[in-house]
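Take a look at the structure below.
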């Protein structure tokens, strides 16, 4: 998007191109900030999925133990 916006600003005029270049550092800061937030959110989501997968695995293991010893009616 940045390259396309620079190309469009060059085609429209040199003044618009200079204005676009003046705003470029703000774009970079905003992109870096959003990338940091996205990475943190992805990491947090991955940790939550890993934790829930562990709980599900424990529940399935407990069900297998109950079924293997034939105590389904007592557990219900």
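The values are calculated or read from the model by the stated rules, or taken from the named source; none is laboratory data. The structure presented is a predicted model; accordingly, all values stated were derived computationally and were not measured. Cβ sites come from the backbone with ideal geometry, for glycine too, and all protein chains shown count toward neighbours.
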- request: Sort through 74, 58 and tell me the only one that's without any contact (Cβ under 8 Å) to a residue 40 or more places away in the chain, in a helix (DSSP H, G or I) and in contact with a helix residue (DSSP H, G or I) (Cβ under 9 Å, 6 or more places away or on another chain).
  value: 74
statement: From the option list 66, 4, single residue qualifying as out of contact with any strand residue (DSSP E or B) (no Cβ under 6 Å at 6 or more places or on another chain), part of a helix (DSSP H, G or I) and exposed (fewer than 10 other Cβ atoms within 10 Å of the Cβ) is 4
- prompt: Is it the case that residue 32 is assigned to a helix (DSSP H, G or I) and either loosely packed, with under 10 Cβ neighbours inside 10 Å or at pLDDT 90 or above (or both)?
  reply: yes
- request: Would you check if residue 51 is part of a helix (DSSP H, G or I), over 30 Å from residue 7 (Cα atoms) and touching a helix residue (DSSP H, G or I) at 6+ places or on another chain (Cβ under 9 Å)?
  value: no
